[in-house]
1. What dipole magnitude, in Debye to the nearest 20, does the chain give about its Cα centre under +1 on Lys/Arg Cβ and -1 on Asp/Glu Cβ?
2. Taking a cut-off of 27 Å between Cα atoms, list the lysines near K110, but don't count ones fewer than 8 places away on the same chain.
3. Can you tell me, using C-alpha contacts under 8 Å and at least 6 residues apart, the relative contact order of the chain as a whole percent?
4. What spacing in nm lies between the two simple spin-label points modelled at S34 and E12, each 7 Å away from Cα in the Cβ direction?
5. Using Cα atoms only, what is the angle between the long axis of helix 3-30 and the major principal axis of the chain, expressed in degrees (0 to 90) to the nearest 10?
6. Which aspartates and glutamates have a Cα less than 15 Å from the Cα of K95, not counting those fewer than 8 places away in the same chain?
7. Bins of 5 Å, beginning at zero and ending with the bin holding the largest distance: percent of Cα pairs per bin for the stretch 80-126, please.
8. Could you tell me what % of all Cα pairs in the stretch 118-179 have separations over 14 Å?
Amino acid sequence: MRPELIKSDYREINDLINRHISELRDEYYNMPLSVARNTLVSEYNYKERAKLKSCRHFGLDIRPGDVCFIDFGKAYISEAGYQHFGLVMQIFNGKAFVIPMTSNHEAYMKAYDEKDNPEGLKHLYRLGTVEGLYKESVLFLNDGKYINTARIIDIKGRIDPESERFKRIQRSFIAGLTL
């Protein structure tokens with residue numbers, strides 16, 4: 001390859017890098033501090049974990065029913081992103097199927113509940129309290145997905161996968177797939 005082509009290619013890459021860094025800097029300074037923090041934490045976690053096959057590298061052995069603190073990374077509007085808790089529903093081919101969750105009280109009040117809120121939003125599942133967590137939580141049934149388990153930061157609680165509670169969550173999730 002001719003040297004002038006290589007220099008030209010690198011000049012273009014260098015220009016793109018500089019423009020990206022400049023735009024990124026402006027974005028961070030215009031974000032609310034909490035959003036900037038969560039975004040930067042996710043970027044750091046990605047750099048540290050993206051090349052890992054699983055969370056076993058960190059000494060975590062996850063199982064269905066574990067409630068974990070997870071870094072979901074960048075998200076589009078209406079997706080669960082950055083750092084949230086999530087319920088591990090299944091392990092399949094080295095990945096975990098998780099349903100993200102929140103302890104946001106407003107989401108809890110809007111969530112469907114057969115007895116207390118039958119007109120509630122059915123994509124929000126009132127989980128209530130889970131041993132190991134301090135607040136009532138809600139599952140985002142419409143955000144369930146498979147993740148590389150290296151995204152899992154820690155295990156915080158557990159719901160017995162043989163329990164009726166866990167089975168109701170499974171049925172609610174599956175019902176959402178058939179709407």
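Values quoted throughout were computed directly from the atomic coordinates according to the rules given, and no laboratory measurement underlies them. Predicted, not measured: the structure shown is a model, and the values here were computed from it. So basically every Cβ, Gly included, is an ideal-geometry build from the backbone, and we count neighbours across all protein chains shown.
1. The dipole of the chain has a size of about 480 debye.
2. Leaving aside lysines fewer than 8 places away in the same chain, those within reach of K110 are K74, K122, K135, K145, K156, K167.
3. Averaging sequence separation for qualifying contacts and normalising by length gives 21 percent for the chain.
4. Result for the modelled spin labels: 4.3 nm.
5. That helix lies at roughly 40 degrees to the long axis.
6. Of all the aspartates and glutamates, those that pass the test against K95 - Cα under 15 Å, at least 8 places apart if same chain - are D61, D66, D71.
7. Pair shares across the bins are 5, 20, 22, 21, 15, 10, 6, 1.
8. Considering the stretch 118-179, 66 percent of its Cα-Cα pairs are separated by more than 14 Å.
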